[in-house]
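The values are calculated or read from the model by the stated rules, or taken from the named source; none is laboratory data. Given the structure is predicted, the values throughout are model-derived calculations rather than measurements. When we count neighbours, we look across all protein chains shown, and the Cβ atoms used for this are built from the backbone with ideal geometry, even at glycine.
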Amino acid sequence: MAKVRISTMLGDITVRLYDETPLHRDNFLKLAREGYYDGTLFHRVIRDFMIQGGDPQSKGAPKGKSLGSGGPDYTLPAEISPALFHKRGALAAARLGDEVNPERRSSGSQFYIAWGKTYSDGQLGQLAKQLQMQAEKQVFEGLVAERRKEVMELRRNRDRAGLMALQDELLAKTSAIIREQGLGQLSAAQKEAYSTVGGVPFLDGQYTVFGEVEEGLDVVGMIQEAATGAADRPVDDISMKVTVIE
């Protein structure tokens, strides 16, 4: 079982890395052993949401410098799993948005630790509806993208009947995929976590979660309450040192 210690001026955070996400686990351990993270900052902090770090350009960065675009010269394939979700204390990989990164590949080094909030039963019910709609939209748009040439041809020919038939076909496929993969649904484990410890459920299925805080969640809490300025950068730098617990 791989673990790392993230040391800050506010205290230490011990994180367990998941064996279910071996690419992210091994990459994080490699960078930690190389000292890659040492001296980097938690450069983006949003209260009641998350804390983010791992940008090598944050080392010694002057006040006011915009951060968040740095990293090694590679990204990692997504290892997104419904069983690994954004409960409070979850360690996840940052990434570029879907519009430029449809495969949801992860940053080679940048990560965040989820904080979020707790949800009532009513809020979880509403959230489940939103997640269902979001999943349906994403699946449908993906299917449309796969049939883009066919769609464009039908539009050029002003074939309204053909477009309607294709839409009905893709909607049916969308429903089937949603059912088969259980997308847009909250598991019993998610409901339990989000109603008790809290978290950021609307990020589930979008980013790779590859670990969780075992000790030092109070430190994460202090960091996410830090005063911030432009681009959510803490006014007072919060640097880190990451070591592998052998």
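At-a-glance table
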{"item": "Flag if residue 221 is over 25 Å from residue 96 (Cα atoms), in the same structural domain as residue 95 (by TED's automatic domain parsing), in contact with a Phe, Trp or Tyr (Cβ under 8 Å, 6 or more places away or on another chain) and at pLDDT 90 or above", "result": "yes"}
{"item": "Unmet requirement for residue 60, which otherwise passes all of (1) on the phi > 0 side of the Ramachandran plot; (2) assigned to a helix (DSSP H, G or I); (3) not charged (D, E, K, R)", "result": "(2)"}
{"item": "Single residue of the range 228-246 satisfying the filter (aliphatic (A, V, I, L, M) and outside any loop (DSSP other than H, G, I, E, B)) that is farthest from residue 19 (Cα to Cα)", "result": "230"}
{"item": "Residue in the range 192-209 that is free of Cβ contacts under 8 Å to residues at least 40 places away in the same chain and not β-branched (Val, Ile, Thr) present", "result": "yes"}
{"item": "The range 1-36 - residue that is assigned to a helix (DSSP H, G or I) and not hydrophobic (A, V, I, L, M, F, W, C) and, of those, farthest from residue 88 (Cα to Cα)", "result": "34"}
{"item": "Helices (runs of 4 or more DSSP H) enclosed by the range 109-227 - at least 2 residues per element that are crowded, with 19+ Cβ neighbours inside 10 Å and touching a strand residue (DSSP E or B) at 6+ places or on another chain (Cβ under 8 Å)", "result": "188-196, 217-224"}
{"item": "Given (1) more than 22 Å from residue 14 (Cβ to Cβ); (2) in a loop (DSSP other than H, G, I, E, B), number of the condition residue 39 does not satisfy", "result": "(1)"}
{"item": "Selected residue [of a type in the set (Asp, Glu) and surrounded by 14 or more Cβ atoms within 10 Å (Cβ to Cβ)] from 34, 79", "result": "79"}
{"item": "Among (1) within 23 Å of residue 99 (Cβ to Cβ); (2) out of contact with any helix residue (DSSP H, G or I) (no Cβ under 6 Å at 6 or more places or on another chain) - the single one residue 143 does not satisfy", "result": "(2)"}
{"item": "Any hit, the range 31-46, residues being in contact with a His (Cβ under 9 Å, 6 or more places away or on another chain) and not small (Gly, Ala, Ser)", "result": "no"}
